[in-house]
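Here's the structure, in structure tokens; my notes come after.
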Amino acid sequence: MIHIEKLNKSFSSKAGDVQALREIDLAVEAGEFFVLLGPSGSGKTTLLRCVAGLERPDSGEINLGARIAFSSRQRLFIPAEQREIGMVFQSYAIWPHLTVFENVALPLTQGRRKPPKAQVRERVRQALRLVDMDDYADRPAPLLSGGQQQRVALARALAVNPKLLLMDEPLSNLDARLREEVRTKIKKLVSELGITVLYVTHDQVEAMVLADRIAVMAHGEILQAGNPYELYRHPHSSLVAEFFGSMNWLRGKVLDKQCIETEIGKIEVAPYSERNGKVVVGIRPEDIKIDSAAGGSANRLEATVSSSTFIGDQMIFEMKIGNSVLTVKTMPDDKRPEGKVHICLPKESLVVFTDVSLD
Amino acid sequence: MLSQRSLVIGISLVPAAAIVGLLLIPLWVSVRVESEAGVSFGLRAYHTLFSDPFSYRTLFNTAVFSGVAVLAALFFGVPAAWIVERTNLPRKGLLFTLMTVGLLIPGFLSAMGWVFLLHPRIGLVNVALSSILSAEWARINIASPAGMGFVQGLGLAPLAFIMVAATFRSTNPELEEAAAAHGIGVIRVLVRVTLPLVFPGILAAGIYILTIGLAAFDVPAVIGLSNRVFTFSTFLYTQVHPQEGTPRYDLAAAFGVFVMAIAGLLSWGYFRVLRQSHRFAVVTGRSYRPRQVELKRSSVWFAWGFLGFYLVIGQLLPLLTLLWSSLLRYFQLPSAAAFANLSLVNYRGLPWPHLFDGLWNTALLMIFVSTLVLLLSLGISWIVVRSRARGRFLLDVVAFLPHAVPGIIFALSAAYVALFLLRDFVPIYGTVFLLMAVYVLERTSFGTRMLNNALAQIHPELEEAGQVMGISLLRRMATILVPLLLPALVNGWLWIALLTYRELTIASLLVTPANVTLPMVIWGLWQTGSFARAAAAATMGLIFMLPVIFCYWFFGRRLAPGGGQT
């Protein structure tokens, strides 16, 4: 549905040129829910706006379905109004001078995808029904709550029957509880309608809940794309690993293919290739096992509990080994380890990356 | 196929090109030397101009005139702004209305009133002074550069008020509250904290008003011309409309080029200072209730006394004098005998067909100029604020130029173009279309300033939402931007209409009997010495204006963003 090749985009500002997108390659299949995830300034919104046609890239190619939407080689740029997409904006962009009904109807009466006049009413009703806003059709836009505006924005985007729906941080202006509720609704709705979605967010939980696939972006590049499980379990870089939840990092030096000398001692890792010299070893807090009775396994270490925090569904410990501190998460149970304990770092849970830090 | 974007850009480039063209004309005319041998180019006009002591006197007059105007405007405008924005004075809304309406009273009407009051020989006050006190020394001569500057300053005080009030409003009151919380008294907070904070804003207003003063035509034309006291604009006028001899376009153009350079410098200074003043502006967008100084009962009286004094001498007195004079055959002090002499004879003697011609043309101009300016400004502002078109900032600067450059220079260029360059192909001279074109170009600076601000307040995603849903640019403008901009557009339309109503400067060089405007009819009567009838025509003019002022007051509660007058 979306094919992007070697896309570049830079902005000139007072401080000089900023490269917002560098050589982006991306393919989104029809019917897929694809999330662009990254911190602010990573280029994810710029990429979305390039797909929408609201920004003109410097070079590269964008294909939407069978159509070329942008090609620097062919000097072709289809403006946004001709791309036949739907879009939900971060600010919702609900036109304040119109009612809910008129907001959804305006693209159908003024836009390029005009249905016959007689159908407009029914199409608007249908779209509003999808988001449970049909009771509010006559309400003026300024009288809507944030959540209601969000739903109208979604209805407006769906009313034009787009094959591709773009969403730019649509939930970031809602409060936490509402966000969870709307998240589930969006997922259900678009999978029922079978449309392709390109969705931008900086919230990793939101991305994992919604996405079929995620592309993690930073500094105008896609670091890694894949389904949520792959990204969580098999990150290609420490940046990606860190973006999906917390990580314990240990500096070390490679001894041989399966063994690394770290700040807390020798650690066995799964066989890996082509890494030598300085590395970092990472493990997620929930993967560290405490006082594992199943002794004898590799990477058993003695640690001192320096603090413990109970947060309901989890226990979080800070453990000291020498001068290093590890964070450990467990399911809460009756035992509260104190003082000296044994921990185990299962080698299949460890990730190893070349140490690129300069200090 | 031509895209709608190219169409909008193309249309917007037309006025921009015309503005640049009109500004280049004086440069060209000033170096063009016509002699019997043919046409050559040289600096003869500049040489003639700068070897004549009269030019220097005019420059000196202009400097004194605009300097006094700035001082007078700030003297009344700044305290009024402080009182309105930072004290709890009751009935402040009324003051805002009076000040805004004050800005719309045509300057030449007040100037006529002041002549009746303070003319060295016939002014009511001077006559009264010498007859009652036999104090010849106390006579005030309004027909001097300083006197005219004072009258101009009174007219510009509302502008100073509006600009400085905006500065007060955007200056974070917490900075003052912090000083007050640490035990510093009201006066010291004012002197040590508030004034330094708003100083750049006041300076910017001062420079802005100086630019206007430099170019002012109305007041010097009404008071100065008949008394042979010239400032820049009236000098230009007499070069083109000399009482004897042939028009000297070359001298006028040379002087115009010189003043354009000064005006350019002032505008550059204005923008520099303005940027400085924004350093102190509140940028959080968080709403706050400004701290208000509690006025004691005596201070309230004092404050209203000060404001009332201004409103009386600045607005009411000259207009009442005008009305009074229009009802008398010859000037008299108000007395029982004078009251008995009141009559409508001056009104009956008015050249009514001529007056209605002027009114008709003025009405046409008001409607078409306001509409065209807003349409063009919407296009230009959209390009400047919304499009990423290359060179859009240059377009913005060009659209601002008509404000920086004195209107009389535009009129001079337009007259030259229409008379000598276009006469054979487009016989536009002496038609209302020529006036319309020049008025539109002149007002585009105001229209774009206003719409730039208004457009920046509208979230870009509101328009982008329409774009991705397949709504074309022109339809987006019609169905999204125009409705959202409606308050600003209505306000701007009325404001431009009122400025068009009072416009005398450009008309003075471009009006012929065939395309006369209402202000020109009034001024024409005045120029020929029919003072009483001119006063009657002026009163009629004010009466015609009332419905529009009422509309402005009724619809446009929101104030025009800083600076309306040119």
Per the helix-only model, chain A has a calculated mean residue ellipticity at 222 nm (DSSP H runs of ≥4, -39500 (n - 2.57) each, divided over all residues, rounded to the nearest 500) of -7000 deg cm²/dmol
Of A:Thr45, A:Thr309, A:Thr327, the one that fluctuates the most in a GNM where chain A has Cα springs shorter than 10 Å: A:Thr309
Spin-label model distance (nm) - B:Val345 vs A:Glu230, 7 Å beyond Cα toward Cβ: 10.2
Can you return the lysines within cross-link range of B:Lys92? Criterion is Cα-Cα under 25 Å, with same-chain partners fewer than 8 residues away left out. B:Lys296
Of B:Met540, B:Met163, B:Met99, B:Met148, how do they rank once you tally other Cβ atoms within 10 Å and put the fewest first? B:Met540, B:Met163, B:Met99, B:Met148
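Could you tell me the calculated FRET efficiency between B:Leu422 and B:Gln243, based on Cβ-Cβ distance and R0 = 22 angstrom, to the nearest 0.05?
Between B:Leu422 and B:Gln243 the formula returns 0.20.
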Is segment B:491-542 best put as rounded, prolate or oblate by its Cα gyration tensor, with a ≥ b ≥ c the root eigenvalues, rounded for a/c under 1.5, and otherwise prolate when a/b is larger than b/c, oblate when not? oblate
Give the cross-link partners of A:Lys188 among the lysines, using a straight C-alpha distance below 29 Å as the criterion and excluding same-chain residues fewer than 8 apart. A:Lys44, A:Lys114, A:Lys163
Cα-Cα pairs above 41 Å in chain B: how many percent? 25
Aspartates and glutamates with Cα under 16 Å of A:Lys340, excluding same-chain neighbours fewer than 8 positions away: A:Asp291, A:Glu302, A:Glu318
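For B:Glu294 and B:Leu320, calculate 0.36 nm times their separation in residues minus their Cα-Cα distance, and state this gained length in nm to one decimal.
5.9 nm is the gain from fully extending B:Glu294 to B:Leu320.
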Segment B:70-180, Kirkwood Rh and Cα Rg, ratio Rg/Rh at 1.13
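Roughly how crowded by other chains is peptide B:470-476, in terms of the mean Cβ count from those chains within 10 Å of each of its Cβ atoms?
6
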Cα lying deepest toward the dipole's positive end in the protein assembly as shown, options B:Val373, B:Thr238, B:Ser472, charges on Cβ: B:Thr238
Work out the mean other chain Cβ neighbour count within 10 Å for the residues of A:89-99 and drop it here as an integer. 5
Hydrodynamic radius of segment A:5-86 per Kirkwood, over alpha carbon pairs, in Å: 13.4
How far is it, in nm, from the label point at B:Leu195 to the one at A:Ser40 when both lie 7 Å from their Cα along the line to the Cβ? 4.1
Viscosity 1.567 mPa s, temperature 4 °C: what is the translational diffusion coefficient of chain A from Stokes-Einstein with a Kirkwood Rh over Cα pairs, rounded to a whole number of µm²/s? 56
Compute the distance from the alpha-carbon center of segment A:23-93 to that of segment B:172-200, in whole Å. 51
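Let me have the 222 nm mean residue ellipticity of chain B computed from DSSP H runs of 4+ only, each contributing -39500 (n - 2.57), with the sum over all residues rounded to the nearest 500.
The helix contribution divided over chain B gives -22000 deg cm²/dmol.
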Would you kindly give the portion of the calculated P(r) for the protein assembly as shown that falls above 48 Å, as a percent of all Cα pairs? 44
Averaged over its residues, how many other protein chain Cβ atoms are within 10 Å of peptide A:108-118's Cβ atoms? 3
Only counting other Cβ atoms within 10 Å, I'd like A:Ser13, B:Ser55 sorted with the fewest neighbours first. A:Ser13, B:Ser55
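Take every Cα pair under 8 Å in chain B that's 6+ residues apart, average their separations, divide by the length, and report that relative contact order as a whole percent.
Result for chain B is 21 percent.
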The FRET efficiency for B:Arg272 and A:Arg112, from their Cβ-Cβ distance with R0 = 56 Å and rounded to 0.05, is 0.75
Label point distance in nm, B:Lys92-A:Glu29, each placed 7 Å from Cα along Cα→Cβ: 6.5
Using r as the Cβ-Cβ distance of A:Lys6 and B:Ser387, and R0 as 35 Å, what FRET efficiency do you calculate, to the nearest 0.05? 0.85
For A:Ala298 and A:Gln74 in one chain, what is 0.36 nm times their gap in residues minus the Cα-Cα distance, to one decimal in nm? 74.8 nm
Contour minus end-to-end for A:Lys278 and A:Asp134, with contour as 0.36 nm per residue of separation and end-to-end as the Cα-Cα distance? 45.8 nm
Stokes-Einstein, Kirkwood over Cα pairs, segment B:406-453, 37 °C, 0.692 mPa s; D in µm²/s equals 283
Find the percent of Cα-Cα distances in segment A:1-160 that exceed 22 Å, and round it to a whole number. 51
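Need one word for segment B:285-372: rounded, prolate or oblate. Basis is the Cα gyration tensor (sqrt eigenvalues a ≥ b ≥ c); a/c below 1.5 gives rounded, then a/b vs b/c decides.
Oblate is the answer for segment B:285-372, as a/c is 1.5 or above yet b/c matches or exceeds a/b.
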For segment B:1-149, projected area of the alpha-carbon convex hull averaged over all directions, nm²: 19.1
Report D for segment B:399-536 in µm² per second (integer): Stokes-Einstein, Kirkwood Rh on Cα pairs, 37 °C, 0.692 mPa s. 186
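Can you put B:Phe446, B:Phe75, A:Phe244 in order of Cβ neighbours within 10 angstrom, beginning with the fewest?
Lowest count first: B:Phe75, A:Phe244, B:Phe446.
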In Å, the Kirkwood estimate of hydrodynamic radius for segment B:247-403 over Cα pairs equals 23.1
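Every read-out reported here was derived from the displayed coordinates using simple, explicitly stated rules and does not represent laboratory data. Here the structure is a predicted model, which means the values were calculated and not measured. Cβ: placed from backbone, ideal geometry, glycine included. Neighbour counts: every protein chain shown.
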